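So the structure is just underneath, and the comments pick up after that.
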Amino acid sequence: MLSKAISAAVHGIDGYLIDVEIDIASGLPTFSTVGLPDAAVKESKDRVISAIRNSGFDFPAKRITVNLAPADIKKEGACFDLPIAIGILSAQEQVRPDELKHFCLIGELALDGALRPVKGILPIVLSLAKKGIRKIIVPQANAQEAAVAQDVQVFPAVNLLQVARFLNKEETIAPSRVCLDNLFDDFVHYELDFSEVKGQMFAKRALEIAAAGGHNVVMVGPPGSGKTMLAKRLPTILPPLTFDEALETTKIHSVAGLLASSKGLVTRRPFRSPHHTSSAIALIGGGSYPRPGEVSLSHNGILFLDELTEFHRDVLEVLRQPLEDHVVTIARARHSLTFPAYYTLVAAMNPCACGNLGHSDPKKECMCTPYQVRKYRARISAPLLDRIDIHLEVSALKVTELTGDSPAGESSSSIRERVIKARSKQKERFSGSKIHCNGQMGSRQIKKYCVAGEDGRSLLSTAIERLGLSARAYDRILKVSRTIADLDNREHIETPHIAEAIQYRCMDR
């Protein structure tokens, strides 16, 4: 007796089809799974046997062989439990075989036959739509996520018995539906706001420029100056996610198992803040079964590295390639995977080991020698700093700024309006290309769109000579100048724009 069911799995952040073939033959009772299964797939036999029996079906005391094709790709996870169980029931004609070819089955089984959610449902469903498969049965907890793909019928099920009755046309399951407009309704509701930040007008201006142009930022300032507070409010002034951006971001979070079952789509830009003890693999991704790291989980959002100098140097160096290429490629002996990694890097660090360099309070005088300051800052390599567009000095607040009844600062919503207007200019400027904002410009785009006047070029030449800027830092200043001009609603870069951009290179001095 032979039966076949259709399932799917995830490779990277893309789904691919799996043919689940079940053969039941006479002989000693055995249950073997072939097709490069991992430990979780091999253990499915125990879950499947218990689920079938506890759902009221007969389990055959025969020789059962399960083949997962294609056989040259490693299979992992528990998502094949449901198709294996239904395939066994179909081979015994307890489930109608003619219905299986119209459905894709995905789900993990509990011992009592209940269906549990699995990772990576959205990329799987999107890949099925491209293959022409329009019907999929998933665990009820995955229904919201799967239904985001509008051109596929998603049937949510609670247990194995319900799936069997549905395929036998003894019970109906209503397809799951999701209103995409409702998913984006909560975008404007943030608990944090820029109006809560006292003082720091210079820092707020720099972060507005960073948000408008997609520029990376490093903030240097003493403890308690508000660096973390500013960084956590940066997502509140970013433009809303487009639907395509939301889909790509959701796929990454789905594969990583970070998507809540009650929410089928990531509608806010991610904000990831890994601890400084994180390893290179945790940051960049990888493992025996490669998974996206923090740089990919922050795709289309913010990656915040607090206490930058406390990260291991080799961990920070792995950021250099994704900062330039906006992708992470993880190579293995059998295959390589590519994860998207376009994010805005926001880092915070103290100015010296004691943290008091440049502090306005005379009681907190810096005790570090110039050599100790240089050694402390040398923990961050020059090539990495060159890839960060804005170097921002965040000074300690004065007592009057903290205790005074100063009026509330500008709200995030009003800053976001200016950012959106500047981004719309960039979208029009780079239409027809893969570039979406000024921070992504290459040398060709810089030469075309970042043309300064004679006075501006003279000022820039003087800054290069005095600060000893690298060629990459020169390009960064021009890109930031272009963003400042966009915020100022100017067609061309002017001298004040370049002068302001030069101020945001404090680490080059």
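The value of relative contact order for the chain, using C-alpha pairs under 8 Å at least six residues apart, is 13 percent. Averaging the sequence gap over all C-alpha pairs within less than 8 Å and six or more residues apart, then dividing by the number of residues, gives the range 246-353 a relative contact order of 27 percent. Measuring between their Cα centroids, the range 264-283 and the range 214-247 lie 13 Å from each other. Taking a straight line from the alpha carbon of Lys119, these lysines sit under 27 Å away, with near neighbours fewer than eight places off in the same chain left out: Lys4, Lys42, Lys45, Lys74, Lys75, Lys101, Lys130, Lys131, Lys135, Lys251, Lys263. Comparing Cα centroids, the range 85-111 and the range 423-449 end up 51 angstrom apart. Relative contact order of the range 274-330: 40 percent, from C-alpha pairs under 8 Å at least 6 residues apart in sequence.
Against the criterion of solvent-accessible heavy-atom surface with a 1.4 angstrom probe, Tyr343, Tyr371, Tyr190 sort, most first, into Tyr371, Tyr190, Tyr343. Other residues within the sphere of radius under 11 Å centred on the Cβ of Lys232, judged by their own Cβ, net out at -2 (K and R +1, D and E -1). Cross-link candidates for Lys364: which lysines have Cα within less than 20 Å, leaving aside residues fewer than 8 places away along the same chain? Partners found: Lys227, Lys398. Listed by chain and number, the lysines placed with their C-alpha closer than 16 angstrom to that of Lys479 are Lys425, Lys427, Lys447, Lys448; residues fewer than eight positions away on the same chain are left out. If one puts a single equal scatterer on every Cα of the chain and applies the Debye formula without solvent, what log₁₀ I(q)/I(0) results at q = 0.12 Å⁻¹? Each listed q corresponds, in turn, to -1.05. Apply 1/(1 + (r/R0)^6) to the Cβ-Cβ distance of Asp14 and Glu307, taking R0 = 35 Å, and write down the FRET efficiency to the nearest 0.05. Efficiency, rounded to the nearest 0.05: 0.50.
Residues within the reach of a label modelled at Tyr190 (point 7 angstrom out along Cα to beta-carbon, backbone nitrogen below 15 Å), restricted to the range 413-433, are 413-421.
The values are calculated or read from the model by the stated rules, or taken from the named source; none is laboratory data. In this text the structure is predicted, and so the values were computed from the model without any measurement. Backbone-built Cβ (ideal geometry, glycine too); neighbour counts: all protein chains shown. Surface areas here come from the heavy atoms of the whole protein model, side chains and all, with no ligands, DNA or RNA. Shrake-Rupley method; radii C 1.70, N 1.55, O 1.52, S 1.80 Å.
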